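**Student:** Structure in structure tokens, see below.
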Amino acid sequence: MMFHRGHNRKIENFSIDISSILSVSLAWRGALVVPLLFVAALSHAQTPSPLQEWQYSRGVALEQLFEPNVPDWKVFLGPAVEYHPLYDGAALTRTQAGPLFDIRYKDLAFASAGEGLGVNLIHDAHIRAGFALTYDLGRYVSADVSHLHGLGDIVHAPVFKGFMSYALSKEFPLVVRADVRQILGGADGLVGDLEAYMPLPGSSKRLFMFAGPSYTFADHRYFQKEFGITAAQSIASGYPVYDVHAGSDAVGFGFSATGLITEHWLLNLDTAVNHLLGSAAYSPITQRKTQHIYILSVVYHW
């Protein structure tokens, strides 16, 4: 399994006709596969991520609203291919393949390549909230020696995450979501997201599509590790000293689609475009303010 780091985001125009949403809602009511939806990304359980955070669990937040009789166990497993930036602001990209998994028990606990290892302390038809332990693989000079020389490694570290989502209604299935993630070592800072997403017109019993924007913020400690340049790093790297400030990190927009191949096989596509803001955007380390990620996977569920 691989993990990635980019977290740059760009909001695009997003408008939906109300009558189309009502037709989507009717399709969802008759869909038996709603509980099967989850993000099939292999760069998971880590923060920050090029995907919007909502993409890791987009179907789960609407699950009890449309299918209240959730099975005790849901297990998903399959391969995925991912195209992603090497790190926040990197010009270099990489294409990788690897496995993914998602295991859930009664919407109480989960072990997921997307959400990490966690528990839902609150879980009803509208609200889902809890905590999870995820992972950050850091940023290593060896990944881009010519550009990161002298800046030092940001080592891998565990991440503690708190999250909450609210689904409005069956008639208008908009989900609003917030999360805060504290990196325990490595980048050693706090990152959070404010997000919204919903199913798109054209969704049906065999094809589900979601889209929505996200805003990301971070504290000074995180920005300093990821984008700041100290006097010592300046001497070693040749970059000028760069002081950072807490606040806006990025804005972004994500799109996810899940298609039913057979009763047990799913095809997933996830993509996001992200744009860095504030200290992250103007750091000498940043080569590209706007980055993209694409993930394609085939998943078996039972």
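The values are calculated or read from the model by the stated rules, or taken from the named source; none is laboratory data. Note that the structure is a prediction, hence the values are computed from the model and not measured. Neighbour counts are summed over all protein chains in view; Cβ atoms, including those assigned to glycine, are modelled from backbone coordinates with ideal geometry. When the accessible area is computed, the model is the full protein with side chains, heavy atoms only, and any ligands, DNA or RNA have been set aside. Shrake-Rupley method; radii C 1.70, N 1.55, O 1.52, S 1.80 Å.
**Student:** Checking the structure you have, find out if any residue of the range 160-174 is part of a strand (DSSP E or B), touching a Phe, Trp or Tyr at 6+ places or on another chain (Cβ under 6 Å) and either within 27 Å of residue 81 (Cβ to Cβ) or modelled with pLDDT of 95 or more (or both).
**Tutor:** The answer is yes; a qualifying residue exists.
**Student:** Residues that are under 29 Å from residue 101 (Cβ atoms) and β-branched (Val, Ile, Thr): list the strands (runs of 3 or more DSSP E) wholly contained in the range 192-298 that include at least 2 such residues.
**Tutor:** Values: elements: 207-218, 247-260, 265-276.
Output list reads 265-276.
**Student:** While we're looking at this one, here's another question. Looking at the range 225-247, which of its residues are open to solvent by less than 50 Å² (accessible area, probe 1.4 Å), under 30 Å from residue 197 (Cα atoms) and small (Gly, Ala, Ser)?
**Tutor:** If the condition is that a residue be open to solvent by less than 50 Å² (accessible area, probe 1.4 Å), under 30 Å from residue 197 (Cα atoms) and small (Gly, Ala, Ser), then 247 is the only one that fits.
**Student:** Further question: May I ask you to verify whether residue 168 is free of Cβ contacts under 8 Å to residues at least 60 places away in the same chain and open to solvent by 10 Å² or more (accessible area, probe 1.4 Å)?
**Tutor:** The answer is yes for residue 168.
**Student:** Looking only at the range 203-224, filter to residues that are of a type in the set (Phe, Trp, Tyr) and out of contact with any Ser or Thr (no Cβ under 7 Å at 6 or more places or on another chain); which one of those is surrounded by the fewest Cβ atoms within 10 Å (Cβ to Cβ)?
**Tutor:** Within the range 203-224, the first condition is being of a type in the set (Phe, Trp, Tyr), and the residues that meet it are 208, 210, 215, 217, 222-223.
From the residues that got through so far, the ones that are out of contact with any Ser or Thr (no Cβ under 7 Å at 6 or more places or on another chain) too are 215, 222.
Details: 215: 17, 222: 27.
In this case the residue turns out to be 215.
The rows are residues; the columns are (1) over 18 Å from residue 82 (Cα atoms); (2) touching a helix residue (DSSP H, G or I) at 6+ places or on another chain (Cβ under 8 Å); (3) surrounded by fewer than 19 Cβ atoms within 10 Å (Cβ to Cβ).
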{"site": "249", "(1), (2), (3)": "yes, yes, no"}
{"site": "253", "(1), (2), (3)": "no, no, no"}
{"site": "257", "(1), (2), (3)": "no, no, yes"}
{"site": "267", "(1), (2), (3)": "no, no, yes"}
{"site": "276", "(1), (2), (3)": "yes, no, no"}
{"site": "281", "(1), (2), (3)": "yes, no, yes"}
{"site": "284", "(1), (2), (3)": "yes, no, yes"}
{"site": "292", "(1), (2), (3)": "no, no, yes"}
{"site": "301", "(1), (2), (3)": "yes, yes, yes"}
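**Student:** State whether one or more residues within the range 125-137 are buried (at least 17 other Cβ atoms within 10 Å of the Cβ), in contact with a helix residue (DSSP H, G or I) (Cβ under 7 Å, 6 or more places away or on another chain) and not hydrophobic (A, V, I, L, M, F, W, C).
**Tutor:** Checking the range 125-137: at least one residue is buried (at least 17 other Cβ atoms within 10 Å of the Cβ), in contact with a helix residue (DSSP H, G or I) (Cβ under 7 Å, 6 or more places away or on another chain) and not hydrophobic (A, V, I, L, M, F, W, C).
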